[in-house]
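Have a look at the structure below, then the notes.
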Amino acid sequence: MSAPDSRLTQDDILSAVEGLVAAESDMIANMANIAAVLFEALPRINWAGFYLLREGELVLGPFQGRVACTRIALGRGVCGKAASERSIQRIDDVHSFPGHIACDAASASEIVLPLVRNGELLGVLDIDSPEQARFGDAEQAVLERVVTLLLEA
């Protein structure tokens, strides 16, 4: 008999993030804790974290998972496309995505949400999974709310 899954529900994730950002106004501190919550709470993922816009490129920010690419040009890869287009990128098979950057060869699918506050691009939230087509509408909706909570803190 296997142990019960101790992952948090989507409501639990949102409650945890709400509590974290209510108690802290520093964005980097909040990103670090949010990455930890998502990494622990979302099943079947292998990376969760942030890239921050710095001098025209995305630079690695707080994350959980394996060592990651440090810098990503705008427009390059899934993160760069999400940032440059300021649109959510939900990729079911990263190996078929033109220009995919393979920071971790085990990643098979990815979702990236841009962080835009008052019209200004701040960076992206990036989550990878070793499973193809891992991210659906439900996960996207929760992650959109997580981003909103972060940006409103």
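Points worth noting:
- Exactly one residue among Ser87, Ser107 is outside any helix (DSSP H, G or I), open to solvent by less than 10 Å² (accessible area, probe 1.4 Å) and over 24 Å from Asp26 (Cβ atoms), and that residue is Ser107.
- Residues being surrounded by fewer than 15 Cβ atoms within 10 Å (Cβ to Cβ) and more than 18 Å from Phe50 (Cβ to Cβ) - total across region 132-153: 6
- Scanning region 33-47 for residues that are surrounded by fewer than 19 Cβ atoms within 10 Å (Cβ to Cβ), of a type outside the set (S, T, N, Q) and within 10 Å of Gln64 (Cβ to Cβ) returns Ala36, Phe39, Glu40.
- Residues that are more than 11 Å from Gly123 (Cα to Cα), modelled with pLDDT of 95 or more and either open to solvent by less than 20 Å² (accessible area, probe 1.4 Å) or in contact with a strand residue (DSSP E or B) (Cβ under 6 Å, 6 or more places away or on another chain) (or both), drawn from region 48-71: Ala48, Pro62, Phe63, Gln64, Gly65, Thr70, Arg71
- Note on region 90-102: residues that are loosely packed, with under 12 Cβ neighbours inside 10 Å and either of a type in the set (Val, Ile, Thr) or under 22 Å from Phe50 (Cβ atoms) (or both) total 2.
- Annotation note: Cβ proximity below 7 Å between a residue of region 131-145 that is touching a residue at least 12 places away in the same chain (Cβ under 8 Å) and a residue that is open to solvent by less than 40 Å² (accessible area, probe 1.4 Å) and assigned to a helix (DSSP H, G or I) (sequence gap 6+ or interchain) occurs for Val142/Ile13; Val142/Leu14; Arg145/Leu14.
- Ser129 open to solvent by less than 10 Å² (accessible area, probe 1.4 Å) and at pLDDT below 95: no
- Among the residues making up region 61-81, those that are among the hydrophobic types (A, V, I, L, M, F, W, C) and either in contact with a His (Cβ under 7 Å, 6 or more places away or on another chain) or not in a loop (DSSP other than H, G, I, E, B) (or both) are Phe63, Ile72, Ala73, Val78, Cys79.
- Flag: Pro98 does not match the condition of being over 21 Å from Asp11 (Cα atoms), modelled with pLDDT of 95 or more and not acidic (Asp, Glu).
The values are calculated or read from the model by the stated rules, or taken from the named source; none is laboratory data. Computed from a predicted model, the values in this text were never measured in an experiment. Because the Cβ atoms are built from the backbone with ideal geometry, glycine has one as well, and the counts that use them run over all protein chains shown. Accessible surface areas use protein heavy atoms only, side chains included; no ligands, DNA or RNA. Shrake-Rupley method; radii C 1.70, N 1.55, O 1.52, S 1.80 Å.
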